[in-house]
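Worksheet: the structure to be examined is printed underneath.
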Amino acid sequence: MRDDSEALIVIDVQNDFCPGGALAVAEGDEIVQGINALMEEFQTIVLTQDWHPAGHSSFASSHSGKDPFSVVEMPYGPQVLWPDHCIQGSEGARFHEGLLTNPAQMIVRKGYRPQIDSYSAFFENDHKTPTGLEGYLRSRGIEKLTMVGLATDFCVNYSAVDGAKLGFDVTVDSGLCKAINLDGSLAAAWDGMLAAGVNLHG
Ligand code: VGL
Ligand code: ZN
C-alpha cells in the first residue's frame, strides 16, 4: 500500500475517448484493467470527467466552417476544435463500464463552462481558473501524484505539468495512458512534461 500522502489521479476514462466513442483514442479501453489493478495500491483515488454542455466552444460544430482538429484563437489562446464529445449526462460522458469507480473518493468534472475548455485537472485552459483539485489534495495532505488515463498528450499532459508547477511530485505511468497524437502532439507533450519535472514510469 502506498503512503497516505500519495494519490492516484485517473484522467477522463470515458466512453467518448474509447473505441466507438466520439473522440476515440486508439486502444483507449486497453488501459482500464491495469488502472483498476493500480487502484488497489492507493488510499486516495481521484477520477476526472470531461463534462461539456451541448454547444461547447471547444466543439468544431460551434464554429461555422471549421472542421474538427483545426485550431482557432480563443481569448485565452489557441484552442483545438474537437468533435462534440462528453456532453453532460450523455452515454459518451459516462466512465468506461469496466472502470472501477467505487474506490474513488473524489470526481472532478471539468470543461463545464461554455466559453472555455479545461484539459487540466487543476486549471481551465486560461491556466488561471482553478477546478478546486489543488485545494482538495492539499487539505488532504497529498504531496505525490500518479497520473494515468486519456489522453496522454492532452488532459494527462496538462494535468501533469500543472501538478508539477504547483509543487506536487508527479509521475505519469505511460503504460496506463493512450494518446490522440495530433501533428506530433505526443512528442511535444513528453518534452513539456519532462521539462516541467514530471517523472515517467513505464
Ligand atoms: C481531452 C480533448 C478534448 C482529453 C478532452 O481528455 O484528453 N482531449 N477534451
Ligand atoms: Zn473535452
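A short reminder: the numbers here are calculations on the coordinates, not readings from a lab. Only a predicted model underlies this, so the values are computations on that prediction, with no experimental measurement involved. Backbone-built Cβ (ideal geometry, glycine too); neighbour counts: all protein chains shown.
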If the chain between SER61 and HIS127 were fully stretched, how many nm would it gain, using 0.36 nm times the residue separation less the Cα-Cα distance?
21.3 nm
Calculate the spin-label point distance for GLN43 paired with GLU143, positioning each point 7 Å from the Cα along the beta-carbon direction, and give it in nanometres.
1.4
Cleavage-rule hits (GluC sites (Glu not before Pro)) in region 62-116: DSSP loop, at most 12 neighbouring Cβ within 10 angstrom:
GLU97
Quick one: check the C-alpha center-to-center distance for region 1-64 versus region 80-150, whole angstrom.
8
Local charge sum around VAL72 (other residues, Cβ-Cβ under 14 Å, Lys/Arg +1, Asp/Glu -1)?
-2
Give me the net charge for the shell around ALA196: Cβ to Cβ below 13 angstrom, other residues only, Lys and Arg +1, Asp and Glu -1.
-2
With charges set only on the Cβ (+1 for Lys and Arg, -1 for Asp and Glu), what does the dipole of the chain come to about its Cα centre, in debye to the nearest 20?
480
Can you tell me the length gained on complete extension of the stretch MET74 to ASP169, counting 0.36 nm per residue apart and subtracting the Cα distance?
31.1 nm
Could you check the spin-label model distance between GLN33 and ASP183? Points 7 Å from the Cα along Cα→Cβ, value in nm.
3.8
Percent of Cα-Cα pairs more than 20 Å apart in region 66-126, please.
38
Phi-derived 3J(HN,Hα) across region 26-33 with the Karplus relation (6.51, -1.76, 1.60, θ = phi - 60°), rounded Hz, x for Gly and Pro, is 3, 6, x, 7, 6, 8, 4, 5
Please state, as a whole number in µm²/s, the translational diffusion coefficient that the Stokes-Einstein equation yields for the chain at 4 °C and 1.567 mPa s, with Rh defined as the Kirkwood radius across alpha carbon pairs.
77
For region 103-202, report the % of Cα-Cα distances exceeding 22 Å.
25
For the chain, the longest stretch holding no trypsin sites (Lys or Arg not before Pro) located in a DSSP loop with at most 16 other Cβ atoms within 10 Å is which?
3-65
